[in-house]
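Trainee: Structure incoming, see below.
The values are calculated or read from the model by the stated rules, or taken from the named source; none is laboratory data. Quick caveat, the model's predicted, so the values are computed rather than measured. When we count neighbours, we look across all protein chains shown, and the Cβ atoms used for this are built from the backbone with ideal geometry, even at glycine.
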Amino acid sequence: MQQTILAYNTFAQDNTIETILIRIASDYPNQVVFTTSFGLEDQVITHIIFSNNIPIDVVTLETGRLFKETYKTYNKTLEKYNKTIQAYYPNTQEVEQMVSQKGPYSFYTSVENRKECCTIRKVKPLNRALEGKQIWITGIRAEQSPNRQDLHMFEFDDERQLIKCNPLINWTFTQVQEYIKKNQIPYNSLHDKGFVSIGCEPCTRAIQPGEDFRAGRWWWEDNSKKECGLHTHKK
(Lines give C-alpha, C1' and ligand atoms only; values in the text may rest on other atoms or scores of the structure.)
Protein backbone atom coordinates (compact mmCIF):
# COMPACT_ATOMS: atom_id res chain seq x y z
CA MET A 1 0.00 0.00 0.00
CA GLN A 2 2.82 2.40 0.82
CA GLN A 3 4.28 1.81 -2.64
CA THR A 4 0.93 2.71 -4.19
CA ILE A 5 0.77 5.91 -2.15
CA LEU A 6 4.33 6.83 -3.08
CA ALA A 7 3.54 6.23 -6.76
CA TYR A 8 0.42 8.41 -6.55
CA ASN A 9 2.32 11.22 -4.83
CA THR A 10 4.97 11.06 -7.54
CA PHE A 11 2.30 11.08 -10.25
CA ALA A 12 0.60 14.05 -8.58
CA GLN A 13 3.70 16.21 -8.87
CA ASP A 14 3.37 16.57 -12.64
CA ASN A 15 -0.38 16.30 -13.23
CA THR A 16 -3.51 18.37 -12.75
CA ILE A 17 -6.12 17.57 -10.12
CA GLU A 18 -8.51 16.56 -12.88
CA THR A 19 -6.00 14.05 -14.26
CA ILE A 20 -5.23 12.74 -10.78
CA LEU A 21 -8.89 12.15 -9.96
CA ILE A 22 -9.52 10.48 -13.31
CA ARG A 23 -6.55 8.19 -12.62
CA ILE A 24 -7.70 7.03 -9.19
CA ALA A 25 -11.30 6.62 -10.37
CA SER A 26 -10.00 4.37 -13.15
CA ASP A 27 -7.71 2.41 -10.81
CA TYR A 28 -10.46 1.91 -8.21
CA PRO A 29 -13.83 1.89 -10.02
CA ASN A 30 -16.81 2.42 -7.70
CA GLN A 31 -14.44 2.54 -4.74
CA VAL A 32 -13.66 6.25 -4.53
CA VAL A 33 -15.74 8.67 -2.47
CA PHE A 34 -15.53 12.42 -1.91
CA THR A 35 -17.09 13.95 1.20
CA THR A 36 -18.25 17.56 0.96
CA SER A 37 -19.41 20.01 3.63
CA PHE A 38 -19.96 22.67 0.93
CA GLY A 39 -17.08 24.86 2.06
CA LEU A 40 -14.96 26.68 -0.52
CA GLU A 41 -12.42 23.89 -0.87
CA ASP A 42 -15.07 21.22 -1.23
CA GLN A 43 -16.88 23.25 -3.86
CA VAL A 44 -13.68 23.39 -5.92
CA ILE A 45 -13.35 19.59 -5.86
CA THR A 46 -17.06 19.08 -6.52
CA HIS A 47 -16.77 21.34 -9.57
CA ILE A 48 -13.82 19.34 -10.92
CA ILE A 49 -15.60 16.01 -10.40
CA PHE A 50 -18.97 17.06 -11.78
CA SER A 51 -17.84 19.26 -14.68
CA ASN A 52 -15.57 16.49 -15.95
CA ASN A 53 -18.04 13.66 -15.28
CA ILE A 54 -15.48 11.77 -13.22
CA PRO A 55 -17.08 8.61 -11.76
CA ILE A 56 -16.53 9.44 -8.10
CA ASP A 57 -19.29 9.30 -5.49
CA VAL A 58 -19.96 12.66 -3.86
CA VAL A 59 -21.54 12.48 -0.40
CA THR A 60 -22.26 14.81 2.51
CA LEU A 61 -22.79 14.33 6.24
CA GLU A 62 -26.16 15.78 7.20
CA THR A 63 -25.71 16.37 10.93
CA GLY A 64 -29.07 18.06 11.46
CA ARG A 65 -27.33 21.17 12.86
CA LEU A 66 -26.13 22.89 9.69
CA PHE A 67 -26.52 26.58 8.80
CA LYS A 68 -29.38 27.55 6.49
CA GLU A 69 -26.71 29.05 4.23
CA THR A 70 -25.13 25.61 3.93
CA TYR A 71 -28.42 24.09 2.81
CA LYS A 72 -28.80 26.85 0.23
CA THR A 73 -25.32 26.07 -1.10
CA TYR A 74 -26.23 22.38 -1.23
CA ASN A 75 -29.31 23.18 -3.30
CA LYS A 76 -27.53 25.60 -5.64
CA THR A 77 -24.88 22.96 -6.28
CA LEU A 78 -27.52 20.42 -7.26
CA GLU A 79 -29.14 22.94 -9.57
CA LYS A 80 -25.87 23.92 -11.28
CA TYR A 81 -24.48 20.47 -11.97
CA ASN A 82 -27.63 18.32 -12.03
CA LYS A 83 -25.73 15.55 -10.26
CA THR A 84 -26.43 13.46 -7.16
CA ILE A 85 -24.96 14.24 -3.74
CA GLN A 86 -25.78 11.44 -1.32
CA ALA A 87 -26.69 12.59 2.20
CA TYR A 88 -25.75 10.46 5.22
CA TYR A 89 -27.67 11.09 8.44
CA PRO A 90 -26.82 10.11 12.03
CA ASN A 91 -28.57 7.23 13.76
CA THR A 92 -31.91 8.54 15.03
CA GLN A 93 -31.92 6.50 18.24
CA GLU A 94 -28.41 7.65 19.19
CA VAL A 95 -29.32 11.31 18.65
CA GLU A 96 -32.56 10.92 20.60
CA GLN A 97 -30.77 9.27 23.52
CA MET A 98 -27.99 11.87 23.65
CA VAL A 99 -30.31 14.88 23.48
CA SER A 100 -32.84 13.37 25.90
CA GLN A 101 -30.16 12.62 28.50
CA LYS A 102 -27.91 15.66 28.08
CA GLY A 103 -29.93 18.33 26.29
CA PRO A 104 -29.45 19.97 22.87
CA TYR A 105 -26.25 21.82 23.83
CA SER A 106 -24.31 19.16 25.74
CA PHE A 107 -21.23 19.81 23.58
CA TYR A 108 -20.64 23.14 25.36
CA THR A 109 -20.18 21.45 28.74
CA SER A 110 -17.11 19.27 28.11
CA VAL A 111 -14.73 18.08 25.43
CA GLU A 112 -16.00 14.54 26.00
CA ASN A 113 -19.59 15.57 25.32
CA ARG A 114 -18.54 17.54 22.25
CA LYS A 115 -16.66 14.56 20.86
CA GLU A 116 -19.66 12.33 21.59
CA CYS A 117 -21.86 14.62 19.52
CA CYS A 118 -19.31 14.75 16.69
CA THR A 119 -19.00 10.98 16.75
CA ILE A 120 -22.75 10.41 16.51
CA ARG A 121 -23.50 13.14 13.98
CA LYS A 122 -20.37 12.98 11.81
CA VAL A 123 -17.89 10.17 12.42
CA LYS A 124 -20.31 7.24 12.35
CA PRO A 125 -22.15 8.50 9.24
CA LEU A 126 -18.75 9.02 7.59
CA ASN A 127 -17.76 5.46 8.39
CA ARG A 128 -20.94 4.24 6.69
CA ALA A 129 -20.18 6.39 3.64
CA LEU A 130 -16.66 4.95 3.43
CA GLU A 131 -17.67 1.33 3.93
CA GLY A 132 -16.27 -0.78 1.09
CA LYS A 133 -14.33 2.14 -0.40
CA GLN A 134 -10.60 2.20 -1.12
CA ILE A 135 -9.97 5.95 -1.52
CA TRP A 136 -11.43 8.87 0.43
CA ILE A 137 -11.08 12.33 -1.14
CA THR A 138 -11.14 15.36 1.17
CA GLY A 139 -10.86 19.13 0.82
CA ILE A 140 -8.29 19.73 3.57
CA ARG A 141 -5.36 22.07 2.98
CA ALA A 142 -2.01 22.22 4.78
CA GLU A 143 -2.39 25.83 5.96
CA GLN A 144 -5.71 25.18 7.68
CA SER A 145 -4.18 23.95 10.94
CA PRO A 146 -0.76 23.01 12.41
CA ASN A 147 -1.47 19.28 12.40
CA ARG A 148 -2.19 19.31 8.67
CA GLN A 149 1.04 20.94 7.54
CA ASP A 150 3.04 17.73 7.21
CA LEU A 151 0.49 15.93 5.05
CA HIS A 152 0.91 14.87 1.42
CA MET A 153 -1.70 14.68 -1.31
CA PHE A 154 -1.94 10.93 -0.73
CA GLU A 155 -1.76 9.42 2.76
CA PHE A 156 -2.76 6.14 4.36
CA ASP A 157 -5.58 6.41 6.88
CA ASP A 158 -4.61 3.86 9.53
CA GLU A 159 -7.89 4.09 11.39
CA ARG A 160 -10.06 3.39 8.34
CA GLN A 161 -7.51 1.33 6.39
CA LEU A 162 -7.85 3.19 3.12
CA ILE A 163 -6.02 5.74 0.98
CA LYS A 164 -6.80 9.36 1.71
CA CYS A 165 -6.47 11.87 -1.13
CA ASN A 166 -6.14 15.60 -0.39
CA PRO A 167 -6.11 17.25 -3.84
CA LEU A 168 -5.89 20.81 -2.50
CA ILE A 169 -3.31 20.10 0.20
CA ASN A 170 -0.84 22.65 -1.19
CA TRP A 171 -3.33 25.29 -2.30
CA THR A 172 -3.50 28.64 -0.53
CA PHE A 173 -6.77 30.20 0.56
CA THR A 174 -6.29 32.87 -2.12
CA GLN A 175 -5.96 30.20 -4.81
CA VAL A 176 -9.21 28.63 -3.66
CA GLN A 177 -11.04 31.96 -3.72
CA GLU A 178 -9.73 32.82 -7.19
CA TYR A 179 -10.75 29.43 -8.58
CA ILE A 180 -14.25 29.80 -7.17
CA LYS A 181 -14.62 33.24 -8.75
CA LYS A 182 -13.12 32.29 -12.11
CA ASN A 183 -15.40 29.26 -12.53
CA GLN A 184 -18.52 30.89 -11.04
CA ILE A 185 -18.95 28.10 -8.53
CA PRO A 186 -21.76 28.40 -5.94
CA TYR A 187 -20.36 29.02 -2.47
CA ASN A 188 -21.59 29.53 1.08
CA SER A 189 -22.40 33.21 1.69
CA LEU A 190 -21.06 32.87 5.25
CA HIS A 191 -17.57 32.99 3.75
CA ASP A 192 -18.24 36.66 3.00
CA LYS A 193 -18.99 37.29 6.68
CA GLY A 194 -15.75 36.07 8.23
CA PHE A 195 -16.59 32.37 8.38
CA VAL A 196 -13.65 30.35 7.06
CA SER A 197 -14.20 26.77 8.24
CA ILE A 198 -17.94 26.09 8.38
CA GLY A 199 -19.41 23.18 10.30
CA CYS A 200 -22.48 22.83 12.50
CA GLU A 201 -24.22 26.09 13.38
CA PRO A 202 -23.81 25.89 17.20
CA CYS A 203 -20.11 25.06 16.88
CA THR A 204 -18.97 27.59 14.27
CA ARG A 205 -18.37 31.34 14.40
CA ALA A 206 -16.66 33.93 12.24
CA ILE A 207 -13.00 34.60 12.90
CA GLN A 208 -11.40 37.98 13.57
CA PRO A 209 -8.49 39.42 11.56
CA GLY A 210 -5.27 37.71 12.64
CA GLU A 211 -6.99 34.72 14.23
CA ASP A 212 -6.02 31.16 13.35
CA PHE A 213 -7.95 29.50 10.51
CA ARG A 214 -9.56 27.04 12.93
CA ALA A 215 -10.35 29.61 15.63
CA GLY A 216 -13.99 29.64 14.63
CA ARG A 217 -14.50 25.95 15.33
CA TRP A 218 -15.30 24.88 18.92
CA TRP A 219 -13.93 28.25 20.05
CA TRP A 220 -14.78 27.60 23.70
CA GLU A 221 -12.17 24.81 23.87
CA ASP A 222 -8.55 25.61 24.71
CA ASN A 223 -6.84 23.37 22.20
CA SER A 224 -4.79 24.41 19.19
CA LYS A 225 -5.35 21.06 17.47
CA LYS A 226 -9.12 20.84 17.55
CA GLU A 227 -10.63 18.20 15.30
CA CYS A 228 -13.98 16.44 15.26
CA GLY A 229 -12.62 12.98 14.62
CA LEU A 230 -13.09 12.88 10.86
CA HIS A 231 -9.45 13.63 10.17
CA THR A 232 -6.90 11.87 12.33
CA HIS A 233 -3.22 12.30 11.55
CA LYS A 234 -0.90 9.71 13.04
CA LYS A 235 2.77 9.67 12.19
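Trainee: Answer yes if at least one residue in the range 120-133 is in a loop (DSSP other than H, G, I, E, B) and in contact with a Pro (Cβ under 7 Å, 6 or more places away or on another chain), and no otherwise.
Mentor: No, the range 120-133 contains no residue that is in a loop (DSSP other than H, G, I, E, B) and in contact with a Pro (Cβ under 7 Å, 6 or more places away or on another chain).
Trainee: Do we find a residue being among the β-branched types (Val, Ile, Thr), under 30 Å from Asn15 (Cα atoms) and under 15 Å from the mean Cα position of the chain (by Cα) anywhere in the range 138-161?
Mentor: Yes: the range 138-161 contains one or more residues that are among the β-branched types (Val, Ile, Thr), under 30 Å from Asn15 (Cα atoms) and under 15 Å from the mean Cα position of the chain (by Cα).
Trainee: In the range 19-43, which residue that is of a type outside the set (S, T, N, Q) and within 28 Å of Glu69 (Cα to Cα) is farthest from the chain's Cα centre (by Cα)?
Mentor: Here the answer is Val32.
Trainee: Also: Determine whether Thr4 is of a type in the set (Val, Ile, Thr), in contact (Cβ under 8 Å) with a residue 60 or more places away in the chain and either under 18 Å from Asn183 (Cβ atoms) or surrounded by 13 or more Cβ atoms within 10 Å (Cβ to Cβ) (or both).
Mentor: yes
Trainee: Just one of (1) modelled with pLDDT of 95 or more; (2) in a loop (DSSP other than H, G, I, E, B) trips up Phe213, so point out which.
Mentor: (1)
Trainee: Residue check: is Gln134 touching a residue at least 12 places away in the same chain (Cβ under 8 Å), touching a helix residue (DSSP H, G or I) at 6+ places or on another chain (Cβ under 8 Å) and surrounded by fewer than 20 Cβ atoms within 10 Å (Cβ to Cβ)? Steps first, answer last, please.
Mentor: Values: touching a residue at least 12 places away in the same chain (Cβ under 8 Å): yes; touching a helix residue (DSSP H, G or I) at 6+ places or on another chain (Cβ under 8 Å): no; surrounded by fewer than 20 Cβ atoms within 10 Å (Cβ to Cβ): yes.
Against the criterion (touching a residue at least 12 places away in the same chain (Cβ under 8 Å), touching a helix residue (DSSP H, G or I) at 6+ places or on another chain (Cβ under 8 Å) and surrounded by fewer than 20 Cβ atoms within 10 Å (Cβ to Cβ)), Gln134 does not qualify.
Trainee: Spot the failing condition for Thr36; the list is (1) over 25 Å from Ser26 (Cα atoms); (2) touching a residue at least 60 places away in the same chain (Cβ under 8 Å); (3) of a type in the set (S, T, N, Q), and only one is missed.
Mentor: (1)
Trainee: Within the range 108-148, how many residues turn out to be more than 18 Å from Leu61 (Cα to Cα) and among the aromatic types (Phe, Trp, Tyr)? Before the answer, list the steps.
Mentor: Kept after step one, since they are more than 18 Å from Leu61 (Cα to Cα), are these residues of the range 108-148: 108-113, 134, 141-148.
With among the aromatic types (Phe, Trp, Tyr) added as a condition, the list becomes 108.
Here the count works out to 1.
Trainee: Can you tell me how many residues within the range 182-213 are surrounded by 13 or more Cβ atoms within 10 Å (Cβ to Cβ) and polar (S, T, N, Q)?
Mentor: Residues in the range 182-213 being surrounded by 13 or more Cβ atoms within 10 Å (Cβ to Cβ) and polar (S, T, N, Q): 4 in total.
Trainee: Restricting to the range 36-50, what's the tally of residues that are touching a Phe, Trp or Tyr at 6+ places or on another chain (Cβ under 7 Å) and either at negative phi or basic (Lys, Arg) (or both)?
Mentor: So the count comes out to 6.
Trainee: Output the residues belonging to the range 28-83 that are within 20 Å of Ile169 (Cβ to Cβ) and assigned to a strand (DSSP E or B).
Mentor: Selection gives Val32, Val33, Phe34, Thr35, Val58.
Trainee: A further question on this structure: In the range 93-104, what residues are touching a residue at least 24 places away in the same chain (Cβ under 8 Å) and either touching a Gly at 6+ places or on another chain (Cβ under 6 Å) or more than 20 Å from Pro125 (Cα to Cα) (or both)?
Mentor: Within the range 93-104, no residue meets the criteria.
Trainee: Okay, next question. Looking at (1) touching a helix residue (DSSP H, G or I) at 6+ places or on another chain (Cβ under 9 Å); (2) β-branched (Val, Ile, Thr); (3) surrounded by fewer than 16 Cβ atoms within 10 Å (Cβ to Cβ); (4) more than 26 Å from Phe213 (Cβ to Cβ), which is the only condition Thr109 fails?
Mentor: Failing condition for Thr109: (4).
Trainee: Mind checking which residues of the range 172-200 are among the small types (Gly, Ala, Ser) and either touching a Gly at 6+ places or on another chain (Cβ under 6 Å) or part of a loop (DSSP other than H, G, I, E, B) (or both)?
Mentor: Of everything in the range 172-200, those that are among the small types (Gly, Ala, Ser) and either touching a Gly at 6+ places or on another chain (Cβ under 6 Å) or part of a loop (DSSP other than H, G, I, E, B) (or both) turn out to be Gly194, Ser197, Gly199.
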